[in-house]
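Reviewing the structure listed below.
The values are calculated or read from the model by the stated rules, or taken from the named source; none is laboratory data. Just so it is clear, the structure is predicted and the values come from calculations on it, not from any experiment. Cβ sites come from the backbone with ideal geometry, for glycine too, and all protein chains shown count toward neighbours.
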Amino acid sequence: MDLSRRSFLCALSAAPLSRALGAPVRRAHPFRAACALPESRAGFARALAGRETPGLLVFAGAAGWDDGIAGHVHRGRLVVFESAAAFAEARALEEQRAGLRNAFGLTIEDPVALWRGGRPPYVDLRWPAPARLRDFSYAVPVHGGESIGRVGALPVAARQRAGAGALLFLGSPIGPALGSGDPEALAWLSSVLDQPPTTAASNRSAAGAMDRATPATHSATTMAVNTSIV
Amino acid sequence: MQKSIGDNMFVKEWGFDKGLALVKKAGYDGIELWLGATPWFQVETTDAAVRELRRKIDDAGLAVSNVSNSLDWDRPLSSRDPRVRAQATTHITRQIETAQILGTDAILVVAGIVTEETPYQEVYPRTVEGLQKLAETAGRARVKIGCENCCSEQRFLMSPREFKLFLDDVASPWVGLHLDVGNIHDTGFPEQWIEIHGPRITRVHVKDVMRHRGRCGSESVYTNLFLGDNNWKAIREAFHKVGYDGWLIAEMEARYRHAQDQQFYDTAAALDRFITGQL
């Protein structure tokens, strides 16, 4: 693997991304998606610490978009993109909306406040393993790709393949649940990591816009530290 | 012990000057200033204006017992939204700054608020982390952050031992307990909180509570001193045991409907009875 544990931890403390990632990733630097939920990033860091996560790129609590994401997916990475648009300026949502539409054919709506009008249900993730997680007050609905998670009837998580990889869009942050040690959140992330790249990337786009998956290469272990970029 | 009462008790029409004069006339030693609760003391209030408040307080022969805030309920340090947490940090930092200007060494915060939406397991670590950061500022200013036990309203840190473990986790000599002896309701006994926390008590809010009656709508469980169920003799003895000889700050929720200034006199007289042990 390209990334030592030391480098990994260094990256998590908001070091420049190029210190943590290998050369291919460095070419994508700088990432423009800032992190609006540091506790989400910390939650992913805690959950991933000590794990080998080849080909995984996580944008935890993202408050923007980076055009380099599409390239990483096409080259075979599984990119987990957790939107924190509800906790950022409106510009962040518009960036994500454009990026997801242009690069992955996904459509996102304005964040929905889940606690208006009574108690909402939990977030129900159903791929790769079912998990019921506590909501995080707001969710960004998503349409397109394969819906893999809902809050009630609201689709808030989707998987979309592109090239050799796939994008997992999470419209309701799960990093805080990872950080607090929620067993189902941890099990869900483990199940994602346990997926062979071909499985992680193999779904047919609902829009039919994406190519069929090809095996991803485990070229790097990565954890995007998008707080390094504002 | 010294007596104090909050400026949030002032009737709106009085303004600061008339309220301050009443506090002095009623026999208090000091005044608690509530950031965000009155027109004269907001986050935006300039240092110069705060210094002017202090001049008036000094001229009245009073002291500032502590600086509290009414903002934590809407902008809690435990919010899920980092922007709200930043607002909380801002107003608590301003409390610390104004405490220095006003010549007191204690502030009050309501540090974590559990709701259906924001669960306990999230509130705890966020609050610890937020206080650890603020403790650095407090330490530099030599101002203690007193976390109030609003047990029922916060739904957080319900027992004295739980509160102790929380303060252990924050692990700063600049963060302690602002004890409210009326807030414990039927979940415990204030004298036991006093014994457990002892030197960590920064200030004390006093009011009485009717523990047998739950809150019903706007009906309050709180009442004037000696009308409720608190065991004031036991509370006094516990203070004596742990050596607490600091400020007692009246925080009366139920207000007089008529002759509202009378509540200031009556409360001061009750505090005198408590302090002198005439119970």
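Things worth noting here:
- Pairs with Cβ under 8 Å, 6+ apart, first in region A:175-186 and within 11 Å of residue B:122 (Cβ to Cβ), second β-branched (Val, Ile, Thr): none
- Considering (1) over 15 Å from residue B:98 (Cα atoms); (2) surrounded by fewer than 19 Cβ atoms within 10 Å (Cβ to Cβ), the lone condition that residue B:20 does not fulfil carries the number (2).
- Some residue of region B:109-127 being farther than 30 Å from residue B:186 by Cα, within 18 Å of the chain's Cα centre (by Cα), of a type in the set (Gly, Ala, Ser) and crowded, with 21+ Cβ neighbours inside 10 Å: no
- Among (1) within 30 Å of residue B:238 (Cα to Cα); (2) surrounded by fewer than 17 Cβ atoms within 10 Å (Cβ to Cβ) - the single one residue B:178 does not satisfy: (2)
- Here is the figure for region B:44-86: residues that are more than 14 Å from chain A (Cβ to nearest Cβ), of a type in the set (D, E, K, R) and surrounded by fewer than 23 Cβ atoms within 10 Å (Cβ to Cβ) total 11.
- One residue from B:90, B:104 being out of contact with any helix residue (DSSP H, G or I) (no Cβ under 7 Å at 6 or more places or on another chain), more than 10 Å from every other protein chain (Cβ to nearest Cβ) and crowded, with 22+ Cβ neighbours inside 10 Å: B:104
- Candidate set: region B:131-145, residues that are among the small types (Gly, Ala, Ser) and surrounded by fewer than 24 Cβ atoms within 10 Å (Cβ to Cβ); chosen: the one nearest to the chain's Cα centre (by Cα): B:135
- Matching residues in region A:32-46 - criterion: being away from every other protein chain (no Cβ under 14 Å) and either more than 14 Å from the chain's Cα centre (by Cα) or not in a helix (DSSP H, G or I) (or both): A:32, A:33
- Pick from region B:159-213, criterion of a type in the set (Phe, Trp, Tyr) and part of a loop (DSSP other than H, G, I, E, B), ranking: nearest to residue B:246 (Cα to Cα): B:174
- Residue within region A:118-125 that is closer than 16 Å to residue A:40 by Cβ, buried (at least 24 other Cβ atoms within 10 Å of the Cβ), within 14 Å of chain B (Cβ to nearest Cβ) and β-branched (Val, Ile, Thr) present: yes
- Flag set for residue B:104, criterion: in contact with a strand residue (DSSP E or B) (Cβ under 6 Å, 6 or more places away or on another chain), assigned to a loop (DSSP other than H, G, I, E, B) and hydroxyl-bearing (Ser, Thr, Tyr).
- Taken together, B:112, B:139, B:146, B:130 contain a single residue that is touching a residue at least 60 places away in the same chain (Cβ under 8 Å) and not hydroxyl-bearing (Ser, Thr, Tyr), which is B:146.
- Residue B:240 falls short on exactly one of the conditions (1) under 22 Å from residue B:146 (Cβ atoms); (2) in contact (Cβ under 8 Å) with a residue 24 or more places away in the chain, and that condition is (2).
- Test: residue in region A:138-152 that is of a type in the set (Phe, Trp, Tyr), under 19 Å from residue A:87 (Cβ atoms) and crowded, with 24+ Cβ neighbours inside 10 Å: no
- Taking the listed residues B:208, B:180, the one that is under 20 Å from residue B:31 (Cα atoms) and in contact (Cβ under 8 Å) with a residue 40 or more places away in the chain is B:180, with no other qualifying.
- Residue A:92 being within 14 Å of chain B (Cβ to nearest Cβ) and assigned to a helix (DSSP H, G or I): yes
- Taken over region A:126-166, the criterion of being within 14 Å of chain B (Cβ to nearest Cβ), more than 23 Å from residue A:195 (Cα to Cα) and touching a residue at least 40 places away in the same chain (Cβ under 8 Å) is satisfied by A:134, A:136, A:137, A:138, A:139.
- Answer residue from region B:114-158, given it is within 14 Å of chain A (Cβ to nearest Cβ) and in a loop (DSSP other than H, G, I, E, B) and is farthest from residue B:83 (Cα to Cα) among those: B:116
- Out of B:225, B:271, B:248, sole residue that is part of a helix (DSSP H, G or I) and buried (at least 16 other Cβ atoms within 10 Å of the Cβ): B:271
- Here the strands (runs of 3 or more DSSP E) wholly within region A:108-197 that include at least 1 residues being on the phi < 0 side of the Ramachandran plot, of a type in the set (Phe, Trp, Tyr) and under 16 Å from the mean Cα position of the chain (by Cα) are A:165-170.
- Every residue from region B:184-230 that is touching a His at 6+ places or on another chain (Cβ under 6 Å) and at pLDDT 95 or above: B:202, B:203
- Condition check for residue A:147: closer than 20 Å to residue B:81 by Cα, of a type in the set (S, T, N, Q) and out of contact with any His (no Cβ under 9 Å at 6 or more places or on another chain): no
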